[in-house]
Amino acid sequence: MPQRKPFLGAVTAVALTAAAIPAAAADVERGRQAAQTCIACHQADGAGNAALGYPRLDLFAEDYIIQQLQHFKAGHRQNPLMQPFARNLNEQQMADIAAYYGAQQAAVPTPPATDAALLAQGEKLVHQGDWDRHIPACTSCHGPDNRGVGASFPALAGQHASYIESQLQAWRNGTRSHDPLNLMLAVAGRMTDSDIKAAAAYLAAQPAK
Ligand code: HEC
Ligand code: HEC
């Protein structure tokens, strides 16, 4: 795969900007308590809510969760539901909650069957990309099973389709930014609505970690 090399360089660059280290080591039990304000939307096991577009959180590396909370707090990710909760957290609470959700394995029902043509379109785009339109395969960064790579490339397999769609739209309409090296800004900007629907439907139907 010719695109491998620059992306590995990206991982190194991203690792250098990792989240600030909190004062004490992260604690899952403290995280469970701090997460009481989160469970109304993300559930105690991190399953989220497919119908309402609340993401699963059990899929991620701890540092990815911390990074996203900081992005909401800083306004790099704009969302009226989520931002007030992120603004209320200090670094210690972010680390504890990330340790808590990172330790969960959510029970998420298999999404309802979608049209086979849409799934086939999504599978092709996710695994092969579309080089005529400069869209790389999602797997080249998100991993061969789309279960994520390290702390910088999040899992997509098993995430709710509604949430995957909303994030790709968020990059296109400017409400999500500051992703490492603008990698996703570039990818999402080249996707059509039909690409987004197809990729999201396919990814949501894949087994999670
Ligand atoms: C009122 C519902 C609600 C509550 C309560 C809530 N969230 Fe969220 N959360 C959301 C929504 C909606 C999104 C998606 C926002 C977007 O589209 O950018 C989100 C996104 C996130 C993400 C980003 C996940 C990803 O895949 O990038 C994290 C991390 C997160 N929430 C953590 C928390 C934590 C920790 C708490 C508690 C302190 C919390 N949330 C409370 C609704 C909520
Ligand atoms: C060049 C590398 C790269 C490629 C190729 C790529 N992504 Fe990403 N993607 C990333 C990175 C890095 C992030 C983390 C963004 C951040 O930290 O805000 C991400 C995040 C995402 C997210 C947000 C996940 C979340 O939980 O918040 C979605 C959705 C996504 N990518 C979908 C896709 C799809 C669909 C494709 C294929 C069409 C794709 N990506 C291809 C690098 C890539």
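Brief remarks follow.
- Solvent-accessible surface ranking, highest first, for W171, W131 at 1.4 angstrom: W131, W171
- Accessible area (Å², 1.4 Å probe, nearest 10) - K124: 120
- Sorted largest first by accessible area at a 1.4 angstrom probe radius, with every protein chain in place, the residues R133, R176, R87 fall in the order R87, R133, R176.
- With all pairs of separate Cα atoms included, segment 14-102 yields a Kirkwood hydrodynamic radius of 13.0 Å.
- Scalar couplings 3J(HN,Hα) for segment 121-126, obtained by applying the Karplus form with A = 6.51, B = -1.76, C = 1.60 to θ = phi - 60°, are 4, x, 4, 5, 5, 5 Hz; x denotes Gly and Pro.
- The C-alpha atoms of the chain define a longest principal axis, and helix 4-16 lies at about 10 degrees to it.
- Whole-number accessible area per residue in Å² for the chain, which is evaluated in the context of all protein chains at 1.4 Å: 52
- Evaluating kT/(6 pi eta Rh) at 37 °C and 0.692 mPa s, with the Kirkwood radius of the chain over Cα pairs in the Stokes-Einstein relation, gives 188 µm² s⁻¹.
- Amide H partners (placed H, <5 Å) of Q206, local residues excluded: G158
- Peptide ranges 137-148, 51-62, 183-194 listed from the most packed, as the mean C-beta count within 10 angstrom indicates: 51-62, 137-148, 183-194
- Across the accessible surface of segment 20-126, with the other protein chains kept in place and a 1.4 Å probe, carbon and sulfur atoms take up 58 percent.
- Rounded accessible area of E123 (nearest 10 Å², 1.4 Å probe): 90
- In this structure the amide hydrogen of G48, modeled in the peptide plane, comes within under 5 Å of the amide hydrogens of Q43, L57, none closer than 5 places in sequence on its chain.
- Stokes-Einstein diffusion coefficient of segment 151-209, Kirkwood radius over Cα pairs, 4 °C, 1.567 mPa s, in µm²/s: 110
- Under 14 Å from the A40 label point (7 Å along Cα→beta-carbon), backbone N, segment 74-110: 81-86
- Highest average packing first - 71-78, 149-156, Cβ atoms within 10 Å: 149-156, 71-78
- Evaluating 6.51 cos²θ - 1.76 cosθ + 1.60 at θ = phi - 60° for every residue in segment 175-182, the Karplus couplings come out as 8, 10, 8, 6, 6, x, 6, 6 Hz, glycine and proline recorded as x.
The values are calculated or read from the model by the stated rules, or taken from the named source; none is laboratory data. Note that the structure is predicted; figures quoted are calculated from it, not measured. Note: ideal-geometry Cβ built from the backbone for every residue, glycine included; neighbour counts use all protein chains shown. When the accessible area is computed, the model is the full protein with side chains, heavy atoms only, and any ligands, DNA or RNA have been set aside. Shrake-Rupley method; radii C 1.70, N 1.55, O 1.52, S 1.80 Å.
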